[in-house]
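First the structure, which I've put down as structure tokens, then a few questions once you've had a look.
The values are calculated or read from the model by the stated rules, or taken from the named source; none is laboratory data. This structure is a prediction, so every number in the text was calculated from the model and none was measured. Note: ideal-geometry Cβ built from the backbone for every residue, glycine included; neighbour counts use all protein chains shown.
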Amino acid sequence: MNLQLLRSYISEYEKNFAQIDRKEIYKWQAVKQFQDSWNPDASNFATMLEHSLSRTYNLLAANQYWPERMIIHNATTDPKKVRGLFLDLFDEEKDVLARISDFQRDIREINSLAFPGKKDYQDHRAILVYLNLRYPDNYFLYKFGMLKTFCVKLEHDYKPTNGAIENVAEYFYLCNIICDEIQRRNNLLKLHKDRIGEKEYFDTEYHILTQDFVYAVANYLSLEEVIPIVKPRLNLVNFVFDIEKKQHQFKGRFVDYVAQHKRNKHIGYIGEEIVRLHELANCPPAYIEKIVHSPSMEGDGLGFDILSYDENGSKKYIEVKATKGSVNQPFFISGTELERSKVEGKQYFLYRLYNVDEDNMTADCFIIQGDLSKYCINPTEYEVTFTNLNHHASTF
């Protein structure tokens, strides 16, 4: 994605904020209505659901598109099953892509029995509306056509396939990058805050605002100025380094871990994008289409960020660690990343980016190849799991 284009469009969105707001403010009102009305234990689930969705308007109803109507019809016919589907969909302990797929499959089955021959309309767009209404600070409103147009306008090389669940993963990834950029615009945040009243939900994480921007780019905004593509540049550095054993001091300190996490997450996105574009520019042409950005396509937890290929067509499992700081800045390796490095051996590469310049998409970088075991000498935390426990209550 062209970050210069992204920032220019955010400026254009800010300039046209008042006009866009008049057309799109209903989204914040729809969330407020749902938050105030949702009660899965209501005696009449279908009536409660209808009231909760009553301000969604064209989020769930458009020309030849009727997900709101059909979900209410199904809830009226079989409230117990539809209630169960929503409870499963809203279970945050489970993988979100699996929840979306399960909801889509199960409502299709319920609908086919209740209304043979009629469409249920419960596609990814509708299901993401439900998730956003319930957890507006966790999810993003979604449309396939919006994503497709946005990718073209932002010169992002992902090509959405209609109906593919991978679109949702890629969209979440893009929205997180965009949301970070939006939160750096204090004037835009003030404009947003000032327009929220008693009838609107104030999205403290700015996820609705993020989607509103994406929708505006796809439907309303254009740029007169041609924005050049900034080519990423990795300055590969070879040097000999020592591994330092950390000495625990047992001293208290105050750290804003939430702010620190946001900063690290943002620079992590930038670093992964620099490396992804670097690999696209340097791998054999026959393998360009096979390069995969794992967090966007398959989620976290694989132990690497990018699957690429070397000049011989062999796979490269690349983990990216990025910082704006110097080469001496420490970084963290997860247990999954360590184990993945052991499994893949010489096909595993850790790209350590430092001195990252996000405006110019440049960074210095050194590469560690193979098993990371010898570098993992400073443990920071341990996972504790209990199984097969016999529970005996005691009174003290």
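I'd like the full set of residues that are surrounded by fewer than 18 Cβ atoms within 10 Å (Cβ to Cβ) and assigned to a helix (DSSP H, G or I), limited to segment 191-228.
Of everything in segment 191-228, those that are surrounded by fewer than 18 Cβ atoms within 10 Å (Cβ to Cβ) and assigned to a helix (DSSP H, G or I) turn out to be Leu191, Lys193, Asp194, Arg195, Asn219.
Here is a check on your reading of the model: is Leu85 under 22 Å from Lys199 (Cβ atoms), of a type in the set (A, V, I, L, M) and not assigned by TED's automatic domain parsing to the domain that holds Gly271? Break it down into steps so the answer makes sense when it comes.
On the way: under 22 Å from Lys199 (Cβ atoms): no; of a type in the set (A, V, I, L, M): yes; not assigned by TED's automatic domain parsing to the domain that holds Gly271: yes.
For Leu85, the condition - under 22 Å from Lys199 (Cβ atoms), of a type in the set (A, V, I, L, M) and not assigned by TED's automatic domain parsing to the domain that holds Gly271 - is not met.
Which ones in segment 36-84 are at pLDDT 95 or above, assigned to a loop (DSSP other than H, G, I, E, B), out of contact with any Leu (no Cβ under 7 Å at 6 or more places or on another chain) and more than 17 Å from Tyr26 (Cα to Cα)?
Trp38, Asn39, Asp41, Ala42, Ser43, Asn44, Trp66, Asp78
With the requirement that a residue be touching a residue at least 60 places away in the same chain (Cβ under 8 Å) and exposed (fewer than 15 other Cβ atoms within 10 Å of the Cβ), what does segment 171-190 give you?
Asn187
A follow-up question, please. Run Val384 past the list (1) closer than 24 Å to Leu277 by Cβ; (2) surrounded by fewer than 10 Cβ atoms within 10 Å (Cβ to Cβ); (3) of a type in the set (A, V, I, L, M, F, W, C) and report the number of the one that doesn't hold.
(1)
I've got another one for you. If you scan segment 78-95, which residues turn out to be touching a Phe, Trp or Tyr at 6+ places or on another chain (Cβ under 8 Å) and of a type outside the set (D, E, K, R)?
Hits for segment 78-95 are Pro79, Val82, Leu85, Phe86, Leu89, Phe90.
Under 6 Å between Cβ atoms, at least 6 apart or on separate chains: pull out the pairs that start in segment 329-349 with a residue that is in the same structural domain as Ile318 (by TED's automatic domain parsing) and end on any residue that is of a type in the set (S, T, N, Q) and part of a helix (DSSP H, G or I).
As it stands, the answer is Tyr348/Ser341, since those pairs meet every condition given.
Name the residue, out of Arg69, Arg99, Arg105, that is of a type outside the set (Phe, Trp, Tyr) and surrounded by 18 or more Cβ atoms within 10 Å (Cβ to Cβ).
Arg99
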